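Take a look at the structure below.
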Amino acid sequence: MAKVWSKRFDNTLNPFIEKFNASIGFDRKLILEDLDCSMAHAKMLGKTQVLTSSETQQIINGLELIKVEFLEGKFVPGPPSEDIHYCIEEKLISLIGETGKKLHTGRSRNDQVGTDIRLWLRKEIDNLDRLINDLQKSIFKLAKSNIYTLIPGYTHMQRAQPLSLAHHLLAYLEMFQRDRERFQEVRSRVNTSPLGAAALAGTKIKIDRNFTAAELGFEKIYKNSIDAVSDRDFCIEFVSASALAMSHLSKISEEIILWVTDEFSFAKLTDKCATGSSLMPQKKNPDVPELIRGKTGRVYGHLQALLTMVKGVPLAYNKDFQEDKEPIFDTAETICSCVKAMTILLNEGLEFHKKNLSDSVENDFSNATDLADYLVCKNVAFRTAYQVVGEIVKHCSERKMLFKNLKIDELKKFHPEFDEDVFVNLDPFNVVQSRTSQGGTGFTQVEKEINNWQKKLLL
Ligand code: ARG
């Protein structure tokens, strides 16, 4: 197929370079967005009378036909077209003839491709928002049914203080809420129209940028034509927000992987989301969270690729930008599939061993802070109380005992303010219940948070 620029050149492209240069292999994903963009552009040219109404109608009909043929599988974009923009233009000309050659009036592929990716990304962000909302609902469901289930809380992966399992899960709900908020901020910048910036300088053709923007649902237009065609910040912001969200998915994945080990035994995987081993008959592997954890790396990689892609690129459009597509396509696909998989895993793939969880906090020193706080409530300075309890921990661990195994007289030897009622304070359930500070794990606080989330998630 002759190139549009063939009149200017004496020779045809080297076949390898032709392939090397082409983006049709991946940007055909943008076909529907490219058609929408072209329809808006054609309508606008009709409105400003650059095209006659009959020309406009022919172009729109042609584009509609391409859409129908594509959706019916009769038209498959591909080589030898260089990219999706040429592909549609060539197809339009083959369908409606000379009038098709007028579509590209007053625009460039530079503002066109920028418009297409933004339309695509806006749709992906909306889809992702729905998926994360579903994930939040599944976390919420688990949290709501586990307000009174206890779980050890860790810092440095060492037993720290017991928690309500719901409180632990609600921490993830908060993270994913911030992710949704971040994606909304990215969306507002994605939702800005570069169309009409043309190659880089604008155009002398009578166009109406606000018309095309409104037609395509953009909230605003780029103010500077050079910036409009060179800006790929929004791609980086999308992948960056995705990388952070993936880190949250990876974090919860890692916890699930630990929880289902024999060593922890806090939960087990149901058959719906676990896989067996080809060799070891006893195995039940947590492939789903492992894959999510593993896939996080590729999203981080895409972020690095995009940041490097824009570095040192002079104004305005440069072909480097063709490299923006595969990272954002793969990022969107990866994060959407991971969010979905995690939702399924939480909905039907994980069963908590409530008894193991509660038992696990009975036999440790994670109530040591409470022993110290007991003294603090009796007016002993915290640092003194802390050191007293340090001595008691040492005393008990040397004798393989827990606080609750000590007699009150033994405790009194460490500090006279200890009284019989101290033991009630040490019970893990009471320990959790007593954390009544705002945002703490105390059951009343957790119940309040559950109510807030219930309203927020419209459940
Ligand atoms: N396929 C190109 C891309 O994805 C389209 C824009 C080409 N513009 C140009 N001036 N060569 O970036």
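Computed from the coordinates by the stated procedures, all read-outs in this text should not be read as laboratory data. Keep in mind that this is a model prediction, so the values were computed, not measured. Cβ sites come from the backbone with ideal geometry, for glycine too, and all protein chains shown count toward neighbours.
Pairs exceeding 21 Å between alpha-carbon atoms, taken from Lys3/Lys67; Lys3/Lys319; Lys144/Lys448; Lys91/Lys204: Lys3/Lys67; Lys91/Lys204.
State, as an integer percentage, the relative contact order of segment 290-428 based on alpha-carbon contacts under 8 Å between residues 6 or more apart. Could the numbers behind the result be given before it?
Details: 76 pairs, mean separation 26.7, N = 139.
Computed over segment 290-428, the figure is 19 percent.
Taking 0.36 nm per residue of separation and subtracting the Cα-Cα distance, what length does fully extending Leu315 through Asn405 add?
Values: separation 90, 0.36 × 90 = 32.40 nm, distance 7.34 nm.
Extra length from Leu315 to Asn405 when fully extended: 25.1 nm.
Each helix, a run of at least 4 DSSP H residues, gives -39500 (n - 2.57); summed and divided by the residues of the chain, these come to -19000 deg cm²/dmol at 222 nm.
Using a cutoff of 8 angstrom between alpha carbon atoms and counting only pairs six or more residues apart, the relative contact order for the chain works out to 15 percent. A straight Cα-to-Cα reach below 12 Å connects Lys101 with the aspartates and glutamates Glu55, Glu89, Glu90, residues fewer than 8 places away in its own chain not being considered. In sequence order, segment 116-121 has phi-based couplings of 4, 5, 5, 4, 5, 5 Hz under the Karplus curve 6.51 cos²θ - 1.76 cosθ + 1.60, θ = phi - 60°, and Gly or Pro positions carry x.
For Lys268, a cut-off of 17 angstrom between C-alpha atoms picks up these aspartates and glutamates, skipping any fewer than 8 places away in its own chain: Glu254, Glu255, Asp287, Glu290, Glu348, Glu351, Asp359.
If you place +1 on the Cβ of every Lys and Arg, -1 on the Cβ of every Asp and Glu, and leave all else neutral, what size is the dipole of segment 172-275 about its Cα centre, to the nearest 20 Debye?
Working: 14 positive and 16 negative charges, 133 e Å.
For segment 172-275, the charge dipole is close to 640 debye.
With Cα atoms defining each centre, segment 408-444 and segment 45-72 are spaced 75 Å apart in the structure. For chymotrypsin sites (Phe, Trp or Tyr not before Pro), the sites in segment 1-108 that DSSP calls loop and that have at most 15 other Cβ atoms within 10 Å are Trp5, Phe9. Distances between placed amide hydrogens fall under 5 Å for Leu150 paired with Leu165, Ser358, all partners being 5 or more residues away or on another chain. A straight Cα-to-Cα reach below 17 Å connects Lys412 with the lysines Lys378, Lys394, Lys404, residues fewer than 8 places away in its own chain not being considered. Each part reduced to its alpha carbon centroid, segment 151-189 and segment 112-132 end up 26 Å apart. The relative contact order of segment 1-68, computed from alpha carbon pairs under 8 Å that lie at least 6 residues apart in sequence, is 24 percent. Can you classify segment 248-387 as rounded, prolate or oblate using the Cα gyration tensor, where a ≥ b ≥ c are the square roots of its eigenvalues, rounded means a/c under 1.5, and otherwise it's prolate if a/b beats b/c and oblate if not? It is oblate, given that a/c is not under 1.5 and a/b is not larger than b/c.
In the chain, excluding the sites themselves, the longest stretch lacking any of the GluC sites (Glu not before Pro) that are in a DSSP loop with at most 12 other Cβ atoms within 10 Å is 73-262. What is segment 310-364 by shape, rounded, prolate or oblate, if you read a ≥ b ≥ c off the alpha carbon gyration tensor as root eigenvalues and call it rounded for a/c under 1.5, prolate for a/b larger than b/c, and oblate otherwise? Since a/c reaches 1.5 but b/c is at least a/b, the shape of segment 310-364 is classed as oblate.
Shape class of the chain from the Cα gyration tensor (axes a ≥ b ≥ c, square roots of the eigenvalues): prolate, since a/c reaches 1.5 or more and a/b is larger than b/c.
Which of Lys141/Lys284; Lys29/Lys102; Lys141/Lys456 have a Cα-Cα distance over 18 Å? If you can, show how the numbers build up before the last one.
Details: Lys141/Lys284 25 Å; Lys29/Lys102 24 Å; Lys141/Lys456 13 Å.
Cα-Cα > 18 Å for Lys141/Lys284; Lys29/Lys102; rest within.
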